[in-house]
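The values are calculated or read from the model by the stated rules, or taken from the named source; none is laboratory data. In this text the structure is predicted, and so the values were computed from the model without any measurement. So basically every Cβ, Gly included, is an ideal-geometry build from the backbone, and we count neighbours across all protein chains shown. For the accessible areas, the whole protein counts, side chains as well, though only heavy atoms, and no ligand, DNA or RNA atoms are used. Shrake-Rupley method; radii C 1.70, N 1.55, O 1.52, S 1.80 Å.
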Amino acid sequence: MGAKWGVVVVAAGRGSRMGTKESKQYLEMQGKPIVVHTLELFASLGNLAEIIVVVGADDVGRVEELVSRYGIVKVKAVVAGGSERQHSVYSGIQALSPAIEWVMVHDGVRPLVTAAAVGTCCSVAERVGAAVLAVPVKDTIKQVGDNGLIVSTPDRRSLWAIQTPQAFRRELLVRAHEQAQEEGFLGTDDAMVVERMGVPVAVAEGDYTNIKITTPEDLPWAEFLLAKRERGEG
């Protein structure tokens, strides 16, 4: 991959579902904050030139100190996020150097993404223009109405659970965000913001271990997966 890549790591959430006073991205996993594990993975990638970390306004100094302490030299800037995730991502993109042509957006609380999965996502994006990591849904999914009754059962073979990173040609993502902003549209992820422009977004198959640490039971599971990986078992 010869393209010039940057990544926006979004770590501005408060994490109310975790049920802790501490925001989930700063909880420790094997002695290091979750967000540090995430940043170290991206810093190790040869095709990645820059990392922008987007955090809550009160946490900018804290994360700058973590970046310094752990020597994550690819972090170009730590910037304050906006009121919505979409606004935070846009701020992060704007902080990248002009030379960065391709951008990934990644959740700070997905520390277990692998270098191989990121590489696959980047390769697919370079071919198509936009790509997301995802895994096929294992469970039967039901669409349920407001009254609690099942409306339909979609064909599981067409359903994928979307992860991050999501990877895009930078110019395309900027245009999509600016159009969404002008029209007052808020998407649930960056791919949705691009999709609404009629631009195709490809799926790159990832790993089921690329979990998002959101609730209390996710943390011990993530620690187990990390320990297993460090033993070379997956």
Taking segment 100-120 only, how many residues are in a loop (DSSP other than H, G, I, E, B), over 13 Å from the mean Cα position of the chain (by Cα) and either at pLDDT below 95 or buried (at least 16 other Cβ atoms within 10 Å of the Cβ) (or both)? 1
Starting from residues that are farther than 21 Å from Val103 by Cβ and out of contact with any Gly (no Cβ under 7 Å at 6 or more places or on another chain), keep the ones in segment 38-66 and report whichever is most open to solvent (accessible area, probe 1.4 Å). Asp58
Can you go through Met192, Met197 and tell me which one is in a loop (DSSP other than H, G, I, E, B) and within 29 Å of Asn47 (Cα to Cα)? Met197
Any residue in segment 65-80 that's in a strand (DSSP E or B): show its pairings with residues that are among the acidic types (Asp, Glu) at Cβ separation under 6 Å, as long as the two are six or more apart or on different chains. Lys76/Glu50; Val78/Glu64
Can you confirm whether Arg127 is within 18 Å of Met104 (Cβ to Cβ), touching a residue at least 12 places away in the same chain (Cβ under 8 Å), among the charged types (D, E, K, R) and out of contact with any Pro (no Cβ under 7 Å at 6 or more places or on another chain)? yes
With the structure loaded, tell me whether Ser97 is assigned to a loop (DSSP other than H, G, I, E, B), touching a residue at least 40 places away in the same chain (Cβ under 8 Å) and out of contact with any helix residue (DSSP H, G or I) (no Cβ under 8 Å at 6 or more places or on another chain) or whether it fails that test. yes
In segment 205-234, which residues are of a type in the set (Ser, Thr, Tyr), closer than 11 Å to Leu112 by Cβ and open to solvent by less than 70 Å² (accessible area, probe 1.4 Å)? Thr209
Do we find a residue being in contact with a Lys or Arg (Cβ under 9 Å, 6 or more places away or on another chain), farther than 16 Å from Glu50 by Cα and not small (Gly, Ala, Ser) anywhere in segment 114-129? yes
Looking only at segment 189-204, and only at residues there that are surrounded by fewer than 16 Cβ atoms within 10 Å (Cβ to Cβ) and over 25 Å from Lys4 (Cβ atoms), the one that is farthest from the chain's Cα centre (by Cα): Gly198
